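The values are calculated or read from the model by the stated rules, or taken from the named source; none is laboratory data. Computed from a predicted structure; not experimentally measured. Counting neighbours? That spans all protein chains shown, and the Cβs are built from the backbone with ideal geometry, glycine included.
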Amino acid sequence: MSKQSIYGLTFEQLTSWLLEHGHKKFRASQVWDWLYQKRVTTFSEMTNINKECLQLLEEHFEFQTLTEHIKQESADGTIKFLFKLNDGNLIETVLMRQKYGLSVCVTTQVGCNIGCSFCASGLLTKDRDLSSGEIVEQIMKVQLYLDSVGKGERVSHIVIMGIGEPFDNFENMVDFLDIMKDQKGLAIGARHITVSTSGLVNKIYEFADLQSQVNLAISLHAPNDELRTRIMKINRAYPIKKLMEAIDYYIEKTNRRITLEYILLKDVNDHKEHALELAELIADKRKLAYVNLIPYNPVSEHSQYQRSTKEAIRTFYDTLKKKGINCVVRMEHGTDIDAACGQLRSKQMKKKQKQKV
Ligand code: SF4
């Protein structure tokens, strides 16, 4: 019988599971406390749980579904972890030091099927979804690392922006959010969590209906269909008009601010005309839409794309501002350590392939 990750259960799921297996409800609180407050890494350390219950847990669940394969530390304090899953696949998780706290970027799938033309992860198609336990364990591994350093630091923010399309692994992502937000556990506030989607319209509606207070970011990257389809083939299935309707629904339903991600690619989507077109596209959402301008990190696999010049970035930003659009140029992290999403993983995968040949 293959075991499930103990980190994959929400508190309610753990409670029901224990009840179904003949144990008292309060055991769930005890196990939860060992997992997320005391942060033990074996069942045998749960000293107030009776033997019978421990044995049952050991039979059905495991602690470790990923192991650290590589850890790269940047001069700015960013740490990139490459984890190996039990099936040998590799995934990336990144710890970033922000002014407001410690933020972790997690991966939700092994590879990605969305195939954005600028992305190192999109080069390697999806192998499988990560389980909720594998997503939670990324946070736990980073937290355990921080615990081991001994400065009392805590993961305070989460961005679901690593490899994969989180809305293509919706149920596991929702369980992950529940586990992270649980007040008896890590208690990371919903407003400290951001999920980023390439724009799976039907799932944006579903997410809005959850009214979870978790922040939503949408990868827009272009102000018109022709250009967006060139950059992101997902635009064929979910063109801009449909996306904008879903965004309107989300804003109406949640009254929450939405972030629009816009990666700046030199001479592709970074001209002043593009900024003007973008400002017009979102003019009616000015109050609640926030544009995040992302200077592109070139990857060798996509030599057709270059980083925008500083002047082009400035002009783009100024143009949006003059039109009353809230925007910011994203701060970069770990530029000295394979900064682009999926870059470290794809490098390692290539190395592996070469070794096989
Ligand atoms: S940018 Fe995100 S959605 Fe697009 S291919 Fe890369 S991982 Fe997938």
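None of D175, D147, D127 is surrounded by fewer than 22 Cβ atoms within 10 Å (Cβ to Cβ), within 24 Å of I6 (Cα to Cα), touching a residue at least 12 places away in the same chain (Cβ under 8 Å) and touching a Lys or Arg at 6+ places or on another chain (Cβ under 7 Å) except D147. Residue count for region 71-102, restricted to those that are within 25 Å of I6 (Cβ to Cβ) and touching a strand residue (DSSP E or B) at 6+ places or on another chain (Cβ under 9 Å): 17. Comparison of L123, L130 shows that the only residue that is under 30 Å from R230 (Cα atoms) and either modelled with pLDDT under 95 or touching a Pro at 6+ places or on another chain (Cβ under 8 Å) (or both) is L123.
When L18, L14 are screened for being more than 21 Å from K141 (Cα to Cα), without any contact (Cβ under 8 Å) to a residue 60 or more places away in the chain and of a type in the set (A, V, I, L, M), only L18 passes. Within region 203-233, restricting attention to residues that are free of Cβ contacts under 8 Å to residues at least 40 places away in the same chain and of a type outside the set (D, E, K, R), the residue that is surrounded by the fewest Cβ atoms within 10 Å (Cβ to Cβ) is L210.
Restricting attention to region 193-224, the residues that are within 16 Å of the ligand (Cβ to nearest atom) and assigned to a helix (DSSP H, G or I) add up to 5.
Quick one: in region 111-145, which of the residues that are under 14 Å from the mean Cα position of the chain (by Cα) and within 11 Å of the ligand (Cβ to nearest atom) is nearest to N297 (Cα to Cα)? Only one residue tops the list, namely S121.
For region 234-258, the candidate set comprises residues that are in contact (Cβ under 8 Å) with a residue 40 or more places away in the chain and of a type in the set (V, I, T); within that set, the residue that is nearest to the ligand (Cβ to nearest atom) is I234.
With the requirement that a residue be closer than 19 Å to D168 by Cβ and touching a Leu at 6+ places or on another chain (Cβ under 7 Å), what does region 180-198 give you? The answer is I193, V195. Against the conditions (1) within 16 Å of the ligand (Cβ to nearest atom); (2) over 15 Å from the mean Cα position of the chain (by Cα), S148 satisfies every one except (1).
Only residues that are out of contact with any Phe, Trp or Tyr (no Cβ under 7 Å at 6 or more places or on another chain), part of a loop (DSSP other than H, G, I, E, B) and either among the aromatic types (F, W, Y) or surrounded by fewer than 19 Cβ atoms within 10 Å (Cβ to Cβ) (or both) were counted across region 289-305, and they come to 3.
For region 238-292, a residue qualifies if it is under 24 Å from the mean Cα position of the chain (by Cα) and basic (K, R), and the qualifying residues are K242, K253, R256, R257.
Residue-by-condition table, conditions (1) over 22 Å from F176 (Cα atoms); (2) within 16 Å of the ligand (Cβ to nearest atom); (3) without any contact (Cβ under 8 Å) to a residue 24 or more places away in the chain:
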{"site": "N50", "(1), (2), (3)": "yes, no, yes"}
{"site": "E58", "(1), (2), (3)": "no, no, yes"}
{"site": "N89", "(1), (2), (3)": "no, yes, no"}
{"site": "L102", "(1), (2), (3)": "no, no, no"}
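Looking only at region 306-329, residues that are farther than 14 Å from L265 by Cα and either of a type in the set (K, R) or surrounded by fewer than 16 Cβ atoms within 10 Å (Cβ to Cβ) (or both) come to 6 in all.
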